[in-house]
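Please read the structure below before turning to the comments.
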Amino acid sequence: MYLTQYLLLAAVLFCIGVYGVLTRRNGVLVLMSIELILNAVNINMVAFGTYNADVGGQVFALFIIAVAAAEVGVGLAIVLLIYRNRRSIDVSDASLMRG
Amino acid sequence: MSIFAAAAAETFQPSDWLFENVWIVPAIMAASFLYILFFGKTFPGKDRVHYVGLAAITVALGFSLATAFMWVTQYEDNQSHGSEASSAFVGEGIVSTVEADEKEESSGASGQGCLAEDNRVGSLQAAGEDEYALGTGLLTDSGELAVEAGEDGKGEGHIKAKSVVRCLEWFSTGSFGGDTAQGSDNLTFNIGTIADGQSIMMLVVVTFISFLVHLYSTEYVKGDRRYVHYYAFLSLFTASMLFMVLSSSTLQLIVGWELVGVCSFGLIGHWWEEKPNSDAALKAFLTNRVGDIGLLVGMIVLFFGAGQTFDIETINYLAVHDGLSQTTMTVAALCLMTAVMSKSGQFILHTWLPDAMAGPTPVSALIHAATMVVAGVYMIGRLYPVFWFGLTIPGSSLNALAFVGALTVVGGGALAFVQNDVKKVLAYSTVSQLGYMVLALGVGAWTAGMFHLFTHAFFKACLFLGAGALSHACHHSFDMKAEMGGLRKRMPVTFATFMVGTLALVGVFPFAGFWSKDEILVGTGGFPSTNANGNYTLLLIMGLIGAAMTAGYMTRVIWLVFFGEYRGHVDPHDPPAVMKYPLIALAGLSVITGFLNFPSDWFGGLGTRYGLKFEQWVEPGGGSTFPVIGHGDSNLALAVIASLVGIGSAAFVWNYYQKLYAKDPNATEVTDGLRSRNKAAAGGYALLENKYYLDHLYEGAIADGTKGPLARAAYWFNQNVLDEIVNTAGRTSTVLGRFIYRFIDQGAIDGSVNLSGRGASESGGLLRKVQSGRIRQYASLMFGAATVLAAVFIVAI
């Protein structure tokens, strides 16, 4: 068992997530990419927790999962509202905040 | 405090308690003043406000009489145990010295004492100067009554009681450098009381006359618009006069002196709506200011001369024991003499006193006859060693004080002849009598001067209150020629009391003035075999001329007021009871007070036993704080001559008016007399009528001569200096304002405000480009930044 494998997996997942966030225009897919990033972090947590024989990693992972669920809930609600207002979920269109 | 503990351990002595607590008397009157001032207007029935004043003065009078009684009793007790006290005296001296040592150890206690007696006595003992130093080891041991074998010139060995001094620390300050009598760097200024024969005598005089005046005024100023104000001032005056006579330091004396001056000012101008009255008040005040400068300078000279102390006993002690140089004393005495001249109406500064008659008559009786005007005389008596040694010019028979007094006797008396206002005659008479007192003090007849002060207070108050009764009856006028005449039968009580007062003033045997004036004449030493201090024949002659004048002008008053035909147009009657009884009381005292000090060689054994009591009670023992002065022997021939001079003068004047009456019952002066025939007589009359042109001199020459140039100088100063300063300041500020507007306001302040505004606007323009609103741009920036942060983390850590 090598820690490196998990870290590599997590890095790959993280990069896919970042790529998704930056390139996807679909709001739902952006949220899903954020989930990927969070799960990459979760993998790191669990891997380091096991590596250091510390249960704190798993506790944090559970904690992150709970927070991610809430975050997705809020995010989906925002996406839903954007859709209702604009009939589109393209995040590029939601540019009203520009200065 | 060890002193108090010791005092408590002793048995309670009512006399000591009274002597130590005489401050209560002025305090009562001060309380009365404050009460009337604050609550007088709202007092139930404003017209009854005099009850407050009367109650206060009654209590004060009782207290004073008790104190005087104790003082006399204590003296007489000492005499009857004379030998005992003498032997105990030695012991007492030793005890005092021991206590002085103790006091030196506890420095806290010595701060309580009035004097720096420890230091002073210590130095004197070391010098071995005087045998008295031991005996008077503690002049004032905070109320301890040391008894001293007084030497009163004749060496009769009367045992004089020491004055009782009680002081509190008023304030303390750093010294002015140099040696101080208190021997430390800190000067302590005390406020306190002296209880001795002189102050207790004044206590009785002031409270007694004040009591009668309070009573008399209830009727005299009834219904006056400033009734409350009047009684408030009476109380304040009494309080401040008592404060002054009891003062133990010269600083306190000055305060009291000025306070009585203020009361005098306020009461002379009581009816200030009329211009002459307010003018008279101002004149009195300003004339007194002239003397007050002398008072201040004299007291400051004494302060530094006596080693930076205001304490009266210390100053006197040093003056007696060569602690003050002759020059210091001469300068101080001359300066203080100015104050005496203004306050006690001595010649050339007397001009305010007759004008002061503008005030209500009871006030004139209280302030301008009996009490305040004798403040100067009292001060001479209080600081007698300073005056006595300071004004004695070696090898000369001229004493400045006596000369001023004699000049006043004659000058004031002459002016009384030409006045038509009965009060003004009495005022000039007061001037003249004050001259007698100063004359007596000048020639060393201390007791005679004080005794004349004492008797004069009663008979002159009697005369003034009598004049008030006349005015009360005669339509508020004092004009003898226009409104009076023939009042003998209409106002019998007033006539009788006025007559008694006159006889006392003229000095007819056996009325009070006879004894006191005779003693003054004896005191001049001009008459053969009187054995007085000096040998002033000129002063004796001036005194006799004064006596003749007194008899003359008083006869004129009596004739014009009470004899001849009534010339007024109202129906005069004797005053009501509250005015009548004070008159009777004062007349009674004018008869009997003279016997307090009749010569000891008169009336055989009676004289030996009861003669010269006033001298024994009041005069301090010579030696420690009082110079050793001689006492003249009374002389029957001199008394007879003085009486004959007076009677002759009175007879002459009487004859003049009787002849006039025979010619025309309504005439008050001869129309074709000496004046119309003789130029010199007319000139003399004009001189007297214009009061020696002194008012012209003061107002015309001095006041006008000063105020014109002074006004011009002030105008010039105003135009050229003050205005210039103001203008320059204005111009400078205009220029400065323009400069500030242009460079500082416009340039610096506005510039910085504009700069900050522009800065905010431009930085906003730059930053708004970042706010594109594109989510992915934000996200990429965030990730990029996070990556950079991570890189920094990795590299740095």
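The values are calculated or read from the model by the stated rules, or taken from the named source; none is laboratory data. All values derive from a computational prediction rather than experimental measurement. We place every Cβ from the backbone using ideal geometry, glycine too, and count neighbours over all the protein chains shown.
If I go through region B:461-513 residue by residue, how many of them are part of a helix (DSSP H, G or I), of a type in the set (Gly, Ala, Ser), crowded, with 24+ Cβ neighbours inside 10 Å and in contact with a Ser or Thr (Cβ under 8 Å, 6 or more places away or on another chain)?
8
Does B:Ala748 satisfy the condition of being without any contact (Cβ under 8 Å) to a residue 24 or more places away in the chain and either within 14 Å of chain A (Cβ to nearest Cβ) or closer than 30 Å to B:Phe417 by Cα (or both)? No: the conditions fail for B:Ala748. Just one of (1) within 22 Å of B:Gly784 (Cα to Cα); (2) aliphatic (A, V, I, L, M); (3) in a loop (DSSP other than H, G, I, E, B) fails for A:Ala53. It is (1). One residue stands out among those in region B:771-783 that are out of contact with any Leu (no Cβ under 8 Å at 6 or more places or on another chain) and facing chain A (nearest Cβ under 10 Å): the one that is modelled with the highest pLDDT, which is B:Met782. The single condition among (1) within 14 Å of another protein chain (Cβ to nearest Cβ); (2) more than 30 Å from A:Ser33 (Cα to Cα) that B:Ser733 does not satisfy is (1). Within the span defined as region B:754-769, every residue fails to be out of contact with any Asp or Glu (no Cβ under 8 Å at 6 or more places or on another chain), surrounded by 11 or more Cβ atoms within 10 Å (Cβ to Cβ), away from chain A (no Cβ under 14 Å) and on the phi < 0 side of the Ramachandran plot. Restricting region B:16-57 to residues that are of a type in the set (Ser, Thr, Tyr) and more than 22 Å from the chain's Cα centre (by Cα) leaves a set whose member that is surrounded by the most Cβ atoms within 10 Å (Cβ to Cβ) is B:Tyr35.
Would you say A:Val72 is in a helix (DSSP H, G or I), within 14 Å of chain B (Cβ to nearest Cβ), touching a residue at least 12 places away in the same chain (Cβ under 8 Å) and hydrophobic (A, V, I, L, M, F, W, C)? Against the criterion (in a helix (DSSP H, G or I), within 14 Å of chain B (Cβ to nearest Cβ), touching a residue at least 12 places away in the same chain (Cβ under 8 Å) and hydrophobic (A, V, I, L, M, F, W, C)), A:Val72 does not qualify.
Out of B:Leu736, B:Leu722, report the one residue that is free of Cβ contacts under 8 Å to residues at least 40 places away in the same chain, surrounded by 10 or more Cβ atoms within 10 Å (Cβ to Cβ) and more than 57 Å from the chain's Cα centre (by Cα). Talk me through it step by step, then tell me what you get.
Values: B:Leu722 fails: more than 57 Å from the chain's Cα centre (by Cα).
Only one candidate qualifies: B:Leu736.
Here is a check on your reading of the model: is A:Ile65 assigned to a helix (DSSP H, G or I) and within 12 Å of chain B (Cβ to nearest Cβ)?
Values: assigned to a helix (DSSP H, G or I): yes; within 12 Å of chain B (Cβ to nearest Cβ): no.
Judged against the criteria, A:Ile65 is not a match.
Condition check: closer than 30 Å to B:Gly223 by Cα and part of a helix (DSSP H, G or I). Does B:Ala406 satisfy that?
On the way: closer than 30 Å to B:Gly223 by Cα: no; part of a helix (DSSP H, G or I): yes.
It is false that B:Ala406 is closer than 30 Å to B:Gly223 by Cα and part of a helix (DSSP H, G or I).
Take the residues of region A:1-23 that are free of Cβ contacts under 8 Å to residues at least 12 places away in the same chain and within 12 Å of chain B (Cβ to nearest Cβ): which is farthest from A:Ile82 (Cα to Cα)? The residue in question is A:Cys15. Summed over region B:217-244, residues that are modelled with pLDDT under 90 and of a type outside the set (Gly, Ala, Ser) total 15.
Scan B:Asn720, B:Asn727, B:Asn754 and give me the residue that is out of contact with any Pro (no Cβ under 8 Å at 6 or more places or on another chain), modelled with pLDDT under 90 and more than 29 Å from A:Val21 (Cβ to Cβ). Show your work before the answer.
Values: B:Asn727 fails: modelled with pLDDT under 90; B:Asn754 fails: modelled with pLDDT under 90.
Just a single option satisfies the conditions, and that option is B:Asn720.
Of all the numbered requirements in (1) touching a Gly at 6+ places or on another chain (Cβ under 6 Å); (2) hydrophobic (A, V, I, L, M, F, W, C); (3) within 14 Å of another protein chain (Cβ to nearest Cβ), A:Val46 misses one, and that requirement is (3).
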